[in-house]
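Nothing in this text is a laboratory measurement; each read-out follows from the coordinates by a stated rule. In this text, all values refer to a predicted model and were calculated from it rather than measured experimentally. Methodologically, a virtual Cβ is constructed for each residue, glycine included, from the backbone with ideal geometry; neighbour enumeration extends over all protein chains shown.
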Amino acid sequence: MPEKIPADSVGIVETRHQSFEQPLALDCGRELPGFTLAYETYGTLNEDRSNALLICHALSSDQHAAGYHSMDDAKPGWWDRCIGPGKPFDTDEFFVVCPNNLGGCKGSTGPNTANPETGELYASDFPIVTVRDWVRSQKLLAEALGITRWAAVIGGSLGGMQAMQWAIDYPDSLEHALLIAAAPKLSAQNIAFNEVARQAIVSDVDFNGGRYYDRSIPKEGLMLARMLGHITYLSDDAMREKFGRELKEGKLNFGFDIEFQVESYLRHQGESFVSRFDANTYLLMTKALDYFDPAADFGGDLAAAFARTRARFLVVSFTTDWRFPPARSREITRALMRAGKRVSYCTIKAHQGHDAFLMPVPQYLSVLGAYTNQILAGA
Amino acid sequence: MRPDLEIIRDWIQPDSRVLDLGCGDGELLWWLKRDRNIAGIGLEIDDDNIVRCIERGVDVIQINLDEGLRDDFDDRSFDYVVMTQTLQAMRRPDLLLDEMLRVGKEAIVTFPNMGHWSNRLQMLLAGHMPVTRALPAAWYDTANIHLCTIRDFEVLCRDKNIRRLQRTTVDYNHKASVSARLLPNLMGEIAIYRLGRG
């Protein structure tokens, strides 16, 4: 917990909610009769409403991207390293908006909220949502906030996919798109990892077809899913550096309890995740990842998908990211160039793997800062 | 503005598409955008230069040119592919020249001329590898692994059926002189070429 709020923090923040009465048609063919998006904002919207940044969150995050909810918080929001006064997404200059995606579990309409048509929790009846559905709902939030054009739409990983979809679906509604540690679509290996994570959840005896809110939750399954996911977020190097083969008790015990530090760490990650995340949401988010493929509507031609975009792009990857390695970002970059779009691309040297996009890697922060400075200068 | 870049700027037609290989801090592309209204992309490997390009709004792609342009760039997708003071640092300058003229309708290259009299004199009289203002590094730590003379370069172009569209040889300060015009391989410190195919 912060004893005092750091000077470069956005400080104490609160989540707001925007409800929409109109039905939202979804890609799966169903519609939500109405919905709510939880979101946070940092900084001030300027007079001509031209300084707004939209932050799209990844698989397991939410609307709390920066600052603290109270002085009792152990940690600030998930992207606090990038959002705040003087930081790359400078809240002295920009108005930053971060919503919780539909299907989330932190206040937006999702499995743990009530279906207005039945009065019961959606649980497993919540429709499968896609990146395109999220972007559609975010567009309605933008309109509600009076923002017709984002200065930039920004995201890492699954968030970068949303920024990409924004540029394709609403070409006139953003000036810049920042796609960080993203991919144009998942590989078979990516989908395979997601499937194992989902199977871990649904095969937990407590899962009960997704209807577990009034009983014990599928703790073991969600924990396993997170442990597996976490391995793919870190690099081999980072794990070696952090844990090596270090033993928790300094000796082998010839048993199946936790012996190596890395086992202890993963279990801890899994347990703390269970206390803050919902299993049904995890299933939905991994599906949205699996389904994402903007080129599919264009005969598999990503450059054709980008043809109508009007944003300028920044694409960033990290050397040790094996979940969405630099080659995947290069695919995006190549398609953008082929489509004749303005794009910059960098590979950041970082040992942290996919997680590097959340880390204070100096070159990464310099690139983001240079890019947003250049947005302000209107270069 | 760096004088060699000034010469190149004057060779480039307005409103064209320019790819700058090893674009450094993006100075050339920045000027070309301002003075020639070009659409440009730079390729660069150095982290600090990447940040400088982005800061001034020059589009830059971080890649290692030794990997070639491969499938990143379509045939004839640029009017000009430019490479200043980088050719001699490439692992295979000959292959890169081919790539430049695949991706670009024309190529513009500059390189330090090893045939300059001061280089010849140092080899002949002092018997050591030349160290000059145009080539300041020692043999063991220089990035320039494929130095050539103007004559070498023109032989390569002839063998590859590359056409010389324009040539300027200048001194270290990028000043043209009568001597460098008359005896380019002996008097020119830096060579600047505009090349085409066939």
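Can you list residues whose amide H is under 5 Å from A:LYS248's amide H, if they're 5+ apart or on another chain and H is modeled 1.01 Å from N?
It is A:PHE260, A:GLN261, by chain and number.
Positive end of the dipole of segment A:256-310, charges at C-beta (+1 Lys, Arg; -1 Asp, Glu), about the Cα centre: which of A:TYR291, A:PHE306, A:GLY270 has its Cα farthest in that direction?
The one lying farthest along the dipole's positive direction is A:PHE306.
Among A:GLY77, A:THR41, A:ALA52, whose Cα sits farthest toward the positive end of the charge dipole of segment A:30-95 (+1 at Cβ of Lys/Arg, -1 at Cβ of Asp/Glu, about the Cα centre)?
Sorting the options by dipole projection puts first A:GLY77.
Treating only the Cβ atoms of Lys and Arg (+1) and Asp and Glu (-1) as charged, compute the dipole magnitude of segment B:1-135 about its Cα centre; round to the nearest 20 debye.
520
Given H placed 1.01 Å from N in the peptide plane, which residues other than close sequence neighbours of B:ARG197 have an amide H under 5 Å from its amide H?
Excluding prolines and chain starts, which carry no amide H, the hits are B:ARG163.
Need one word for chain A: rounded, prolate or oblate. Basis is the Cα gyration tensor (sqrt eigenvalues a ≥ b ≥ c); a/c below 1.5 gives rounded, then a/b vs b/c decides.
It comes out rounded by the Cα gyration axes.
So what's the gap between the Cα centers of segment A:234-266 and segment A:186-203, to the nearest angstrom?
About 24 Å separates the Cα centre of segment A:234-266 from the one of segment A:186-203.
Have a look at A:THR347, A:ILE332, A:PRO360 and report the one farthest towards the positive end of the charge dipole of segment A:321-363, computed about the Cα centre with Cβ charges (Lys/Arg +1, Asp/Glu -1).
It is A:ILE332.
How far apart, in nanometres, would the label points at B:LYS175 and A:ASP92 be if each is projected 7 angstrom from Cα along the Cα-to-Cβ direction?
The modelled label-to-label distance comes out at 4.6 nm.
Given a Förster radius of 56 Å and the C-beta distance between B:TYR140 and A:GLU263 as r, what FRET efficiency does 1/(1 + (r/R0)^6) yield to the nearest 0.05?
The value I calculate is 0.70.
Compute the separation of the alpha-carbon centres of segment A:321-365 and segment A:110-127 and state it in Å as a whole number.
Rounded to whole Å, the Cα centres lie 37 Å apart.
Lys and Arg at +1, Asp and Glu at -1: add these up for the other residues within a Cβ distance under 10 Å of B:ASP79 and post the number.
+1
For segment B:67-143, calculate the relative contact order in percent as a whole number, restricting contacts to Cα pairs under 8 Å that are 6 or more residues apart.
Dividing the mean separation by the residue count of segment B:67-143 yields 28 percent.
How many angstrom lie between the C-alpha centres of segment B:102-142 and segment B:151-198?
Comparing the Cα centres of segment B:102-142 and segment B:151-198, I get a distance of 13 Å.
What does the charge add up to near A:GLY160, with Lys and Arg as +1, Asp and Glu as -1, over the other residues with Cβ less than 13 Å from its Cβ?
Combined, the nearby Lys, Arg, Asp and Glu give +1.
Residues with amide H under 5 Å of A:VAL343's amide H, sequence separation 5 or more or different chain, H placed in the peptide plane at 1.01 Å from N; which?
Distant-sequence amide H within range of A:VAL343: A:PHE313.
Arrange the peptides B:13-21, A:219-227, B:173-181 so that the one whose residues have, on average, the most other Cβ atoms within 10 Å appears first.
Ranked by mean Cβ neighbours within 10 Å, highest first: A:219-227, B:13-21, B:173-181.
Along segment A:36-42, what does the Karplus equation 6.51 cos²θ - 1.76 cosθ + 1.60 (θ = phi - 60°) give for ³J(HN,Hα), rounded to whole Hz, x for Gly and Pro?
Karplus-based 3J(HN,Hα) across segment A:36-42 equals 10, 10, 7, 8, 10, 10, 9 Hz.
Would you mind counting up the charge near A:GLN363? Only other residues with Cβ under 13 Å from its Cβ, with Lys and Arg at +1 and Asp and Glu at -1.
Charge balance in the 13 Å sphere: -1.
Roughly how big is segment A:99-173's charge dipole about its Cα centre, with Cβ charges of +1 (Lys, Arg) and -1 (Asp, Glu), in debye to the nearest 20?
The calculation lands at about 280 debye.
Send over the per residue convex hull volume for segment B:1-150, Cα only, as a whole number of Å³.
Convex hull of Cα atoms, per residue: 115 Å³.
Would you work out the charge dipole size for segment A:25-138 about its Cα centre, treating the Cβ of every Lys and Arg as +1 and the Cβ of every Asp and Glu as -1, and quote it to the nearest 20 debye?
240
Can you bin segment A:215-262 into rounded, prolate or oblate? Criterion: square roots of the alpha carbon gyration tensor eigenvalues sorted a ≥ b ≥ c, rounded for a/c under 1.5, prolate for a/b above b/c, oblate for the rest.
It is oblate, given that a/c is not under 1.5 and a/b is not larger than b/c.
Sort A:ASP237, A:ASP204 by Cβ crowding within 10 Å, fewest neighbours at the top.
Going from least to most buried by this count: A:ASP237, A:ASP204.
Where a ≥ b ≥ c are the square roots of the eigenvalues of the C-alpha gyration tensor, would you call segment A:39-195 rounded, which needs a/c under 1.5, or, failing that, prolate if a/b is larger than b/c, or oblate?
In terms of gyration-tensor shape, rounded.
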